Amino acid sequence: MHYCSKCGSTVTLRIPADDTRERHVCNGCATVHYINPRNVVGTIPVWGEQVLLCRRAIQPRHGFWTLPAGFMEIGESTTHGAARETLEEAGAHVEIGPLFSLINVPHVEQVHLFYLAKLPAPEFSAGEESLEVALFYEHEIPWSELAFPTTKQTLQWFFADRSAGLLEQGTGIVVRSRDILPSETI
């Protein structure tokens with residue numbers, strides 16, 4: 001950050017009074033600019049025994065497969081954002097279920113949240129950000145062609161929990177959480 005979004009003056013990276021971290025502080029109006037992580041919200045869309053994946057039509061990781069997800073917008077909840085991203089990328093309307101995974105990716109200033117989601121019908125189509133969209137059984141997942149470590153981790157947890165019977169109604173979903181390290185990027 002070089003200029004203040006409030007008054008246009010230059011900013012300096014320094015520790016403001018009553019703070020413990022360096023922040024961008026405006027040299028003109030003294031506004032402290034906080035830079036916070038961005039939330040990526042998405043779904044694990046399920047139809048029977050299959051999950052819906054999208055092949056990316058954009059960078060990063062063009063041509064690789066991922067769960068439908070994207071950046072949360074101002075003014076929407078995480079569930080609304082996850083449903084919106086699923087509709088935009090996969091042309092699929094879903095019934096949002098519970099939060100399934102929360103993965104911190106601090107080296108790219110992101111937090112990824114994936115919700116279980118039910119496809120009420122096998123109706124989907126590639127959106128502008130997807131080359132194609134398809135349903136996969138677990139044994140068909142293109143593991144070596146997954147776009148991101150968060151997608152791979154979420155799918156691994158999903159299939160392990162489903163195999164263990166933890167996704168059945170009434171058993172109580174446990175949110176899976178971990179941190180992705182810079183060395184885990186693809």
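The values are calculated or read from the model by the stated rules, or taken from the named source; none is laboratory data. Here the structure is a predicted model, which is why all the values come from computation and not from measurement. Using ideal geometry, Cβ is built from the backbone for each residue, glycine included, and neighbour counts are taken over all protein chains shown.
So Glu49 passes all but one of these: (1) surrounded by 13 or more Cβ atoms within 10 Å (Cβ to Cβ); (2) modelled with pLDDT of 95 or more. Which condition number does it fail?
(1)
Contact list please: Cβ distance under 9 Å, first residue in region 123-136 and farther than 14 Å from Ala147 by Cβ and in the same structural domain as His62 (by TED's automatic domain parsing), second residue among the β-branched types (Val, Ile, Thr) and in a loop (DSSP other than H, G, I, E, B), pairs at least six apart or on different chains.
Every condition considered, the pairs that remain are Glu128/Ile58.
I want to confirm something. Restricting to region 128-170 and keeping residues that are part of a loop (DSSP other than H, G, I, E, B) and within 17 Å of the chain's Cα centre (by Cα), which single residue is nearest to Asn104 (Cα to Cα)?
The selected residue is Phe148.
If you check every pair at least six apart or on different chains, which have Cβ atoms under 9 Å apart with a residue in region 86-111 that is within 18 Å of Thr151 (Cα to Cα) first and a residue that is among the aliphatic types (A, V, I, L, M) and in a helix (DSSP H, G or I) second?
Final answer for the pair search is Ile96/Ala82; Ile96/Ala83.
Among Arg61, Arg56, Arg84, which is the only one that is surrounded by 13 or more Cβ atoms within 10 Å (Cβ to Cβ), at positive phi and either outside the structural domain of Cys4 (by TED's automatic domain parsing) or in contact with an Asp or Glu (Cβ under 9 Å, 6 or more places away or on another chain) (or both)?
Answer to the selection: Arg61.
So which of Val40, Val25 is out of contact with any His (no Cβ under 6 Å at 6 or more places or on another chain), assigned to a strand (DSSP E or B) and not hydroxyl-bearing (Ser, Thr, Tyr)?
Going through Val40, Val25 in turn, just one is out of contact with any His (no Cβ under 6 Å at 6 or more places or on another chain), assigned to a strand (DSSP E or B) and not hydroxyl-bearing (Ser, Thr, Tyr): Val25.
For region 99-116, does any single residue satisfy the condition of being in the same structural domain as Val46 (by TED's automatic domain parsing), farther than 27 Å from Asn36 by Cβ and modelled with pLDDT of 95 or more?
No, because not a single residue in region 99-116 is in the same structural domain as Val46 (by TED's automatic domain parsing), farther than 27 Å from Asn36 by Cβ and modelled with pLDDT of 95 or more.
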